[in-house]
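Please treat every number below as a calculation from the coordinates, not as lab data. Because the structure is predicted, anything quoted here is derived from the model rather than measured. A quick note on method: Cβ atoms are made from the backbone with ideal geometry, for glycine too, and the neighbour counts reach across all protein chains shown.
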Amino acid sequence: MKAIVAVDENWAIGNKGQLLFRISADLKRFKELTMGRPVVLGRKTLATFPGGRPLPGRRNLILSRDPGFRVEGGEVFSDISALLREEIDDAIVIGGGSIYKELLKLCDTVYVTKVFASCEADTWFPDLDADPAWEVTRTEPVMEENGLQFQYVTYGRRGL
Ligand SMILES: NC(=O)c1ccc[n+]([C@@H]2O[C@H](COP(=O)([O-])OP(=O)(O)OC[C@H]3O[C@@H](n4cnc5c(N)ncnc54)[C@H](OP(=O)(O)O)[C@@H]3O)[C@@H](O)[C@H]2O)c1
């Protein structure tokens, strides 16, 4: 499995249920990297999508402990082991904080968008720079949109 995330300088990813940034180049890249693949997400991240609807063109595997939770166009799983019974080697974890934490150990690659800003936040991604299990495998040039600088950095699990 892989994961994709946008972080600030402190690995913050969200505040009050919302994303920290809207960078259109990054949204386009997110679409390119996820289109046609199963995406794994938490129920709270689903709630941030337009109309609370699953992402089109992708199999949406949604985690929720609420046994009554259903959403058209999405498949709901009540725990990780139920999710892992699916054929999801090619899946990409798209958040949020709790789902990244629970599934990172099963990921071999993380596509990180590092945004050079420091934001007020209540949700974080694990700091991969501080984790010896991970190494940077690809760094792209710094880009800028609306005065915000950002960079795509790919991390791979060390020793694979
Ligand atoms: N920067 C980024 O790239 C990025 C990407 C995605 C999200 N985000 C941000 O992250 C924040 C949301 O993260 P979050 O951690 O609060 O919520 P989340 O991970 O999106 O969803 C949490 C919910 O997922 C369900 N869940 C979690 N673990 C589960 C398990 N083991 N089994 C079954 N269900 C499980 C529960 O749903 P129930 O409550 O229904 O039981 C839980 O309340 C938002 O601010 C969002 O904007 C940022």
Would you please list the contacts, defined by Cβ atoms under 8 Å and residues six or more apart or on different chains, that run from a residue in segment 132-160 that is more than 23 Å from F21 (Cα to Cα) and in contact (Cβ under 8 Å) with a residue 24 or more places away in the chain to a residue that is basic (K, R) and surrounded by 11 or more Cβ atoms within 10 Å (Cβ to Cβ)?
-> P132/R158; A133/R157; A133/R158; W134/R157; W134/R158
So is L104 more than 21 Å from G14 (Cβ to Cβ) and surrounded by 19 or more Cβ atoms within 10 Å (Cβ to Cβ) or not?
-> no
Under 7 Å by Cβ, and 6 or more places apart or on different chains, what pairs join a residue from segment 56-82 that is without any contact (Cβ under 8 Å) to a residue 12 or more places away in the chain with one that is outside any loop (DSSP other than H, G, I, E, B)?
-> R70/V76
Within segment 12-30, identify whether any single residue is touching a Cys at 6+ places or on another chain (Cβ under 6 Å), within 12 Å of the ligand (Cβ to nearest atom) and not in a helix (DSSP H, G or I), and answer yes or no.
-> yes
